[in-house]
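Visitor: Please read through the structure below; I'll follow up with questions.
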């Protein structure tokens, strides 16, 4: 006897409704989470002090939200041209530019507000780090408005966002810990880096192709020079990043 086997979207299985929408066309979506792991077992950490800073004009994220200019791109910026550069200074500048800039030709949404929900849950081994759920109100806008809008209105399609952040890497035992210092934006991507990074679950952190600017992964001294000389980042932002992520030699700031 012939049999028919079906693999079905779990949204359809659960009769999920579309996400919440306000009168101005903004949708409440899951953006990410802190103090949790990604699919590679890396732990994304955000302290309460950093969280407070992210909500103020002293951070890139806070300033962009407060000034109404935080936008989301359709997929993360491509880093291919950065990979091909041999000169470390040019490569660092390229990576920084990709992390900081929001390409208006790739925009799909405006983010008017971001909410950090500090839960009572923690990951095993991290008793002092409550999991922080991040959500936001986003409105699809041109030029990639329709791509995001169609996905948000389709109850059978998952919608996932991925962070662009400055992080500092350390090791705790064998676990790679990524300490979040500041955030550039969240982009609309196809697949999250952690299983909860979607509209169907709590929230997660990153796309499978990471878009962090990992300070330890480049060259500290070179990146310092890039930070304070780049036309894409202001002196205040550079000072914040350097003071948080380079505890030693801060003389580079005098070369501004």
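The values are calculated or read from the model by the stated rules, or taken from the named source; none is laboratory data. Just so you know, these numbers come straight off a predicted model, no measurement behind them. Counting neighbours? That spans all protein chains shown, and the Cβs are built from the backbone with ideal geometry, glycine included.
Visitor: State all residues of segment 11-27 that are at pLDDT 60 or above and either at positive phi or part of a loop (DSSP other than H, G, I, E, B) (or both); if no residue qualifies, say none.
Guide: 19, 20, 22, 23, 24, 25, 26
Visitor: Here is a follow-up. Counting only residues that are part of a helix (DSSP H, G or I) and free of Cβ contacts under 8 Å to residues at least 40 places away in the same chain, which one in segment 56-87 is nearest to residue 119 (Cα to Cα)?
Guide: Ranking the qualifying residues of segment 56-87, first place goes to 62.
Visitor: Scan 53, 83, 75 and give me the residue that is modelled with pLDDT under 80 and more than 17 Å from residue 131 (Cα to Cα).
Guide: 83 is the lone residue from the list that is modelled with pLDDT under 80 and more than 17 Å from residue 131 (Cα to Cα).
Visitor: In addition: Sort out which residues of segment 41-55 are farther than 16 Å from residue 111 by Cα and not in a helix (DSSP H, G or I), and write them in order of number.
Guide: Selection gives 41, 42, 43, 44, 45, 46, 47.
Visitor: Let me ask another. Given 142, 104, which one is modelled with pLDDT under 95 and either under 23 Å from residue 70 (Cα atoms) or buried (at least 16 other Cβ atoms within 10 Å of the Cβ) (or both)?
Guide: Answer to the selection: 104.
Visitor: Pick out the one residue from 98, 90 that is surrounded by fewer than 20 Cβ atoms within 10 Å (Cβ to Cβ) and assigned to a helix (DSSP H, G or I).
Guide: Exactly one of 98, 90 is surrounded by fewer than 20 Cβ atoms within 10 Å (Cβ to Cβ) and assigned to a helix (DSSP H, G or I), namely 90.
Visitor: Continuing with the same structure: If I ask for residues that are farther than 14 Å from residue 29 by Cβ and either in a strand (DSSP E or B) or without any contact (Cβ under 8 Å) to a residue 60 or more places away in the chain (or both), which ones from segment 111-127 would you list?
Guide: 116, 118, 119, 120, 121, 122, 124, 125, 127
Visitor: Continuing with this model, one more query. Which condition number does residue 108 fail, the rest of (1) touching a helix residue (DSSP H, G or I) at 6+ places or on another chain (Cβ under 6 Å); (2) part of a strand (DSSP E or B); (3) within 17 Å of residue 165 (Cβ to Cβ) being met?
Guide: If we test residue 108 against (1) touching a helix residue (DSSP H, G or I) at 6+ places or on another chain (Cβ under 6 Å); (2) part of a strand (DSSP E or B); (3) within 17 Å of residue 165 (Cβ to Cβ), just (3) comes out false.
Visitor: Quick one: what pairs do we get from segment 148-162, first residue under 13 Å from residue 72 (Cβ atoms), second assigned to a helix (DSSP H, G or I), C-beta under 6 Å, 6+ apart or different chains?
Guide: These pairs meet every condition: 159/151; 159/152.
Visitor: Might you check whether a residue that is surrounded by fewer than 19 Cβ atoms within 10 Å (Cβ to Cβ) and at positive phi occurs anywhere in segment 113-120?
Guide: The answer is no, given that none of the residues of segment 113-120 is surrounded by fewer than 19 Cβ atoms within 10 Å (Cβ to Cβ) and at positive phi.
Visitor: Another one. Return only the number of the condition from (1) surrounded by 15 or more Cβ atoms within 10 Å (Cβ to Cβ); (2) part of a loop (DSSP other than H, G, I, E, B) that residue 187 does not satisfy.
Guide: (2)
Visitor: Please specify each residue of segment 69-87 satisfying the condition of being out of contact with any helix residue (DSSP H, G or I) (no Cβ under 9 Å at 6 or more places or on another chain), within 30 Å of residue 146 (Cβ to Cβ) and surrounded by fewer than 19 Cβ atoms within 10 Å (Cβ to Cβ).
Guide: Hits for segment 69-87 are 75, 80.
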